[in-house]
Amino acid sequence: MSITGFIYNQYRRVATGLLRRRLLKQSGPERLERGDWGRSLASPTEFYLDCFRFFHQRLAPELREHRHYFEQERRGFGEDAMHVMWFLLFREFKPASFLEIGVYRGQVVSLAALLARLNGIGCLTQGISPFSPAGDRVSKYERDVDYLEDTLLNFRHFALPRPELLKAFSTDPAAVALIRSRQWEMIYIDGNHDYEVVCKDWAVCSESVKPGGIIVLDDAGLTTMYKPPLFATGGHPGPSRMAGEIDRNQFREILQVGHNRVFQKIA
Ligand SMILES: C[S@@+](CC[C@H](N)C(=O)[O-])C[C@H]1O[C@@H](n2cnc3c(N)ncnc32)[C@H](O)[C@@H]1O
């Protein structure tokens, strides 16, 4: 790393810490109800900061501990506020099936299993991922991780039931057949971020989610009013562009937490 890069990173680390501390001096909302979700679309930055404060000030310790575990040793991406988004979605919809495209080391698919347990619901948790360092135009992943074994290890760490995992790219015939094999209640798209692939993922998932079901699109905030704070990102061009092309006669946008956007299939 160059000396300029090193100094910039140090500056960013300190500035981020100060900003987080300053934000947490203010209290966040005591509750985040379904009626508040409209605000996430009208004032996405304000709502994101509410979720960030809610995470640190109100969220159940088991969920904060789960996030903390995945922040260690580069086990996961995401942001604290996203755990609040999944908490809200599981509390509201109590899905009986959850599909994640792009598992990495299992942060979100294990969070789904944990939230199912905390909400007392039986939920089929399915992941589709190459379980390899396969990246895309905007992402590179570590080479020396056994992604499949690591995901299973992370499930065991939280004593969660073993998930269903398919080792494949989402566009492989076996993956497409699996996606089409049922009417999913909740789908999370976070695999390859290239526009062409996100479009293919959306096409098959939008047909395979049940009416009233949910699709969460990661990294899709660049084309919204959301202005990420220093410790967050607005997303990537591919998913952000695709989100702008979603047929609003078929899907209603119901929630945005940072760069994650939530769409409900109109029944
Ligand atoms: C950003 S990471 C996902 C992070 C994960 N959702 C989480 O919250 O921890 C993207 C993952 O998608 C995988 N991936 C890349 N191309 C894919 C594809 N075509 N289908 C499914 N997964 C893909 C990558 O190898 C990586 O594990």
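What follows is calculated from the coordinates using simple rules that are stated; it is not laboratory data. Predicted, not measured: the structure shown is a model, and the values here were computed from it. As a convention, Cβ positions derive from the backbone with ideal geometry for all residues, glycine included, and neighbour counts pool all protein chains shown.
For the stretch 167-178, the set of residues classified as buried (at least 22 other Cβ atoms within 10 Å of the Cβ) and more than 8 Å from the ligand (Cβ to nearest atom) is empty.
For (1) touching a residue at least 40 places away in the same chain (Cβ under 8 Å); (2) more than 18 Å from the chain's Cα centre (by Cα), each residue gets a yes or a no:
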{"site": "7", "(1), (2)": "no, yes"}
{"site": "19", "(1), (2)": "yes, yes"}
{"site": "33", "(1), (2)": "no, yes"}
{"site": "37", "(1), (2)": "yes, no"}
{"site": "41", "(1), (2)": "yes, no"}
{"site": "51", "(1), (2)": "yes, no"}
{"site": "60", "(1), (2)": "yes, yes"}
{"site": "65", "(1), (2)": "no, no"}
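Just to be sure, is residue 156 closer than 26 Å to residue 194 by Cβ, among the basic types (Lys, Arg) and surrounded by fewer than 21 Cβ atoms within 10 Å (Cβ to Cβ)? When the stated conditions are applied, residue 156 does not pass them. If the condition is being in contact with a Leu (Cβ under 9 Å, 6 or more places away or on another chain) and more than 14 Å from the ligand (Cβ to nearest atom), then the stretch 186-208 contributes only 208.
Hey, any hits in the stretch 152-172 for a residue that's touching a helix residue (DSSP H, G or I) at 6+ places or on another chain (Cβ under 8 Å), in a loop (DSSP other than H, G, I, E, B) and charged (D, E, K, R)? Yes, there is a match, as at least one residue in the stretch 152-172 is touching a helix residue (DSSP H, G or I) at 6+ places or on another chain (Cβ under 8 Å), in a loop (DSSP other than H, G, I, E, B) and charged (D, E, K, R).
Regarding residue 90, is this residue of a type in the set (A, V, I, L, M, F, W, C), in a helix (DSSP H, G or I) and more than 16 Å from the ligand (Cβ to nearest atom)? No; evaluated as a whole, the condition is false for this residue. Of all residues in the stretch 112-133, those satisfying the criterion of being under 21 Å from residue 187 (Cβ atoms), out of contact with any Gly (no Cβ under 9 Å at 6 or more places or on another chain) and assigned to a loop (DSSP other than H, G, I, E, B) are 121, 122, 123, 131.
Restricting attention to the stretch 94-123, the residues being surrounded by 17 or more Cβ atoms within 10 Å (Cβ to Cβ) and more than 16 Å from the ligand (Cβ to nearest atom) number 4. When restricted to residues that are of a type in the set (Asp, Glu), over 22 Å from residue 236 (Cβ atoms) and either crowded, with 20+ Cβ neighbours inside 10 Å or under 18 Å from the mean Cα position of the chain (by Cα) (or both), the stretch 199-222 contains 0.
Pairing residues of the stretch 162-175 that are over 20 Å from residue 111 (Cα atoms) and without any contact (Cβ under 8 Å) to a residue 12 or more places away in the chain with residues that are near the ligand (Cβ under 8 Å from one of its atoms) and of a type outside the set (Asp, Glu), at Cβ distances under 8 Å and at least 6 apart in sequence or on separate chains, gives 174/168.
Cβ-Cβ distances below 6 Å connect the following pairs, each with a first residue in the stretch 100-118 that is touching a residue at least 40 places away in the same chain (Cβ under 8 Å) and more than 13 Å from residue 89 (Cα to Cα), a second residue that is near the ligand (Cβ under 8 Å from one of its atoms) and among the acidic types (Asp, Glu), and a separation of six or more residues or different chains: 101/201; 102/190; 109/100.
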